[in-house]
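The structure appears right after this line, and notes come after that.
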Amino acid sequence: MFLLIPKKIRVETALTQKQCRERLNREIIPYTRKPSLVAASGFIKAHKLEDCFFGSCGKDDSGKVKAEIFYHRAKKYDGSSAGFFGTISKREDGKGAVIEGSIRRTAAVVITSVLWTIITLLLTLILVSMKEYLGAGVSAAVMLAGLGLITYDRSEGFIREYLDRFAEDMKNE
């Protein structure tokens, strides 16, 4: 479950807020998250043979610049992978912008993981109370294996690397 905890990220760039927003809109494939699984499935099918970053970046009603960035691997159905959710704001020294937010899993993944843990833990406790220790051990192992499969995703590393490279590219120019 510790893999589901959001990881905070803070990246400082020499770009202004507007330049960051324009560059993100140029580099990532535009996609606004919708509650529809059909829309997500259609997007992933359209880009199934390419590695790409997708998401959205723009101002919200309050004037803040919000950014959402996800990573899609070729030939993978990864609609529930981790994503970056953050804001772009001015640096305190006035020489650029700060991209800060967190990399976290979607709510569907968190809910699925919690339900999986509760159900398999309950099964394990029932088997222990019945003195079926072998069955309890097996169901505990199944719980851990299931959690590992649900939470293991390398997209977090790709997004972190992209944001670090985003800041480094501007320092080199």
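The values are calculated or read from the model by the stated rules, or taken from the named source; none is laboratory data. In this text the structure is predicted, and so the values were computed from the model without any measurement. Cβ placement follows ideal geometry from the backbone for every residue including glycine, while neighbour counts extend to all protein chains displayed.
Of note:
- A Cβ distance below 7 Å, combined with a sequence gap of six or more or placement on separate chains, defines the contacts here; from the range 33-60, residues that are closer than 18 Å to Y71 by Cβ and at pLDDT 85 or above reach residues that are in a loop (DSSP other than H, G, I, E, B) and polar (S, T, N, Q) in the pairs S56/T32.
- Within the range 4-14, being surrounded by 15 or more Cβ atoms within 10 Å (Cβ to Cβ) and either in a helix (DSSP H, G or I) or at pLDDT below 85 (or both) holds for one residue alone: L4.
- Test: residue in the range 48-64 that is touching a strand residue (DSSP E or B) at 6+ places or on another chain (Cβ under 9 Å), farther than 14 Å from Y31 by Cβ, buried (at least 16 other Cβ atoms within 10 Å of the Cβ) and not hydroxyl-bearing (S, T, Y): no
- Breaking point among (1) under 30 Å from Q17 (Cβ atoms); (2) surrounded by fewer than 17 Cβ atoms within 10 Å (Cβ to Cβ); (3) in contact (Cβ under 8 Å) with a residue 24 or more places away in the chain, for F158: (2)
- Test: residue in the range 124-147 that is within 30 Å of K48 (Cα to Cα) and not small (G, A, S): yes
- Among the conditions (1) farther than 26 Å from K8 by Cβ; (2) at pLDDT below 90; (3) not in a helix (DSSP H, G or I), the only one that G146 does not satisfy is (3).
- Of all residues making up the range 120-146, the number that are in contact (Cβ under 8 Å) with a residue 24 or more places away in the chain and among the hydroxyl-bearing types (S, T, Y): 1
- Count of the range 74-84 residues, restricted to those that are of a type in the set (D, E, K, R) and either farther than 15 Å from I44 by Cα or at pLDDT 80 or above (or both), is 0.
Table: residues versus (1) surrounded by fewer than 18 Cβ atoms within 10 Å (Cβ to Cβ); (2) part of a strand (DSSP E or B); (3) among the aliphatic types (A, V, I, L, M); (4) modelled with pLDDT under 90.
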| position | (1), (2), (3), (4) |
| --- | --- |
| G86 | no, yes, no, no |
| E100 | yes, yes, no, no |
| S113 | no, no, no, yes |
| L134 | yes, no, yes, no |
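- Unmet requirement for T117, which otherwise passes all of (1) closer than 23 Å to E68 by Cβ; (2) in contact (Cβ under 8 Å) with a residue 60 or more places away in the chain; (3) buried (at least 16 other Cβ atoms within 10 Å of the Cβ): (1)
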